[in-house]
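S.K.: I am attaching a structure below and will ask some questions about it afterwards.
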Amino acid sequence: MPNKRKELEQQLRAKAEKAIRNLLEKLPDKSELTMTDIENLVGEMGQEVTQSATEAIAQGEQIEPSEVMCERCHVRMQKRGKRKKRVVTKRGEIELERQYYVCPQCGEGIFPPR
């Protein structure tokens with residue numbers, strides 16, 4: 001677990017540094033920035049950091065279930081490989097890569113946990 005936390009810390013630092021670089025690139029050269037301009041730029045950076053951190057933590061905390069049952073047919077679902085899925089959170093959309101399962105009887109597909 002300590003190694004995973006260290007990796008996560010490095011990943012979060014890298015994402016925060018990228019957001020800071022993006023902010024600095026958007027920062028106009030003029031000295032006539034209004035407080036609204038500054039707040040908007042910093043707000044964008046904050047949102048970028050928040051979404052990146054949420055995505056990194058959510059991706060790292062996923063536990064793959066040993067068995068997934070179809071709610072409709074009550075048979076064991078089959079793995080179909082990892083797929084990306086957009087998830088809407090309180091702070092915006094993130095993208096997660098999760099194992100996708102399909103029912104061999106009815107064809108229902110899910111990304112557990114539901």
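The values are calculated or read from the model by the stated rules, or taken from the named source; none is laboratory data. Note that the structure is predicted; figures quoted are calculated from it, not measured. All Cβ positions, glycine included, derive from the backbone under ideal geometry; neighbour counts span all protein chains shown.
S.K.: Scan the range 94-114 residue by residue and report those that are touching a residue at least 40 places away in the same chain (Cβ under 8 Å) and aliphatic (A, V, I, L, M).
M.R.: First, pick out the residues of the range 94-114 that are touching a residue at least 40 places away in the same chain (Cβ under 8 Å): 94-96, 110, 112-113.
Correct list: Ile94, Leu96, Ile110.
S.K.: I'd like the full set of residues that are touching a Leu at 6+ places or on another chain (Cβ under 8 Å) and at pLDDT below 90, limited to the range 45-66. First the steps, then the outcome.
M.R.: Kept after step one, since they are touching a Leu at 6+ places or on another chain (Cβ under 8 Å), are these residues of the range 45-66: 45, 52-53, 55-60, 62.
Listed by number, the residues that qualify are Ser52, Ala53, Glu55, Ala56, Ile57, Ala58, Gln59, Gly60, Gln62.
S.K.: Of all residues being over 11 Å from the mean Cα position of the chain (by Cα) and outside any loop (DSSP other than H, G, I, E, B) in the range 50-77, which is nearest to Lys15 (Cα to Cα)? Just the residue, please.
M.R.: For the range 50-77, the residue satisfying everything is Met69.
To keep it simple, each residue is scored yes or no on (1) more than 17 Å from Arg91 (Cα to Cα); (2) basic (Lys, Arg); (3) in contact (Cβ under 8 Å) with a residue 24 or more places away in the chain.
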position: Leu8; (1), (2), (3): yes, no, yes
position: Leu12; (1), (2), (3): no, no, yes
position: Ala16; (1), (2), (3): no, no, yes
position: Pro28; (1), (2), (3): yes, no, no
position: Leu33; (1), (2), (3): yes, no, no
position: Asn40; (1), (2), (3): no, no, no
position: Glu44; (1), (2), (3): no, no, no
position: Thr50; (1), (2), (3): no, no, yes
position: Ala56; (1), (2), (3): no, no, yes
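S.K.: Looking at this structure, is Leu8 surrounded by 12 or more Cβ atoms within 10 Å (Cβ to Cβ), modelled with pLDDT under 90 and over 25 Å from Pro112 (Cα atoms)?
M.R.: Numbers: surrounded by 12 or more Cβ atoms within 10 Å (Cβ to Cβ): yes; modelled with pLDDT under 90: yes; over 25 Å from Pro112 (Cα atoms): no.
So Leu8 does not fit the description; no.
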